[in-house]
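Values in this text are rule-based calculations from the coordinates and carry no lab data. Note that this is a predicted model, so its numbers are computed, not measured. All Cβ positions, even for glycine, are placed from backbone atoms using ideal geometry, and neighbour counts span all protein chains on display.
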Ligand SMILES: Cc1cc2nc3c(=O)[nH]c(=O)nc-3n(C[C@H](O)[C@H](O)[C@H](O)COP(=O)(O)OP(=O)(O)OC[C@H]3O[C@@H](n4cnc5c(N)ncnc54)[C@H](O)[C@@H]3O)c2cc1C
Ligand code: FES
């Protein structure tokens, strides 16, 4: 059992928790993830290591409440326990040889992008961050990005905070202006990553994307997380989650991501009804 030592609401749908998991904290690196089960009969879900404190033995997770399991997790209070917390899994983000990087985060993808930005900053790399949200209410981690970025641009779709528009707009402006990034790293919804890749490709700037397909075991055994990258089958849990964005088949990944939509909707509705009954 793993204790929730801190819980904070970041916005109406995103929660941050610090979990006491010393063995995971000891090994975790930016770009890796964990798989947790909230309770003994719960499903396994992957969440990125959003931070860690090796001395305190804690691992930070930041999750969006999107369905049955994230709802159940969000019902847990500080001081309570979750059943399983396995990791770190996946490959750490590669940082070798990179002196100047542009990190592009979208929505809750910013939780995954933050430790990556912090890692590059900690090794002396010049970090430009562009983070985007639908509106002001959903803006998260702005101060944290500000602390680890040489330049930070915040975008909202409706212009209610920062500049109005999509994250690809300031990226294109920067590339047009001659910013010589060694790498662009995009983390967020599939469609956002696809368009970041399309923006960077004409400038021939290597672009890494962080893929988040359905995962089950997280150890390369089940095949659930398979993707086509450069015409070859890859497993996001062991070969990724980071991949060369120029090689990812985004259309196939999007089709696979929707495969369980009906099942997930039914689970979510059942979970909502359960909570409504419990509240009565
Ligand atoms: C490597 C990786 C890292 C991730 N990191 C984060 C993170 O830091 N913060 C965050 O909010 N979300 C993250 N996700 C997505 C997160 O796993 C899903 O939001 C979560 O599983 C939803 O479960 P649910 O039961 O609440 O919702 P459901 O209603 O079951 O699903 C909602 C959506 O979540 C995705 N999803 C559902 N089950 C899984 C699964 N087993 N594996 C992967 N995706 C699934 C699907 O796209 C689905 O449409 C990550 C996913 C991966 C693969
Ligand atoms: S989650 Fe099973 S192979 Fe990747």
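Points worth noting:
- Rounded, prolate or oblate (a/c below 1.5 giving rounded, otherwise prolate when a/b exceeds b/c) for segment 5-59 by Cα gyration tensor: oblate
- The relative contact order of segment 40-162, computed from alpha carbon pairs under 8 Å that lie at least 6 residues apart in sequence, is 19 percent.
- With 10 Å bins from 0: P(r) over the chain, alpha-carbon pairs, percent: 7, 28, 37, 23, 5, 0
- Diagonalising the gyration tensor over the Cα atoms of segment 83-140 and scaling each eigenvalue by 5 before taking the square root yields semi-axes of 21, 20, 8 Å, largest first.
- Spin-label pair residue 66/residue 136, simplified geometry with 7 Å Cα→Cβ offset, distance in nm: 2.7
- Over the chain, DSSP H runs of length four or greater, each weighted -39,500 (n - 2.57), average out per residue to a 222 nm ellipticity of -9000 deg cm²/dmol.
- Panel order for 129, 149, by other beta carbons found within 10 Å of each beta carbon, from fewest to most: 149, 129.
- Shape category assigned to segment 152-234 from the gyration tensor of Cα positions, a/c cut at 1.5: oblate
- Residue of 109, 223, 231 that the Gaussian network model of the chain assigns the largest fluctuation, springs spanning Cα pairs under 10 Å: 231
- Using the Cα coordinates of segment 100-210, the gyration tensor eigenvalues translate into equivalent-ellipsoid semi-axes of 19, 16, 12 Å, sorted from longest to shortest.
- Of all DSSP beta bridges confined to segment 166-261, the antiparallel ones make up roughly 75%.
- Ordering 241-247, 252-258, 81-87, 1-7 by mean Cβ neighbour count within 10 Å, with the highest value first, yields 241-247, 81-87, 1-7, 252-258.
- Computed over segment 2-89: relative contact order in percent, which uses C-alpha pairs under 8 Å that are six or more apart: 40
- Within segment 20-130, percent of DSSP bridges classed antiparallel, to nearest 5: 70
- Relative contact order of the chain, taken over Cα pairs closer than 8 Å and 6 or more residues apart, is 16 percent.
- Shape box of segment 21-137 [Cα atoms, principal axes, largest first, Å]: 46, 36, 22
- Antiparallel DSSP beta bridges within the chain, percent to nearest 5: 60
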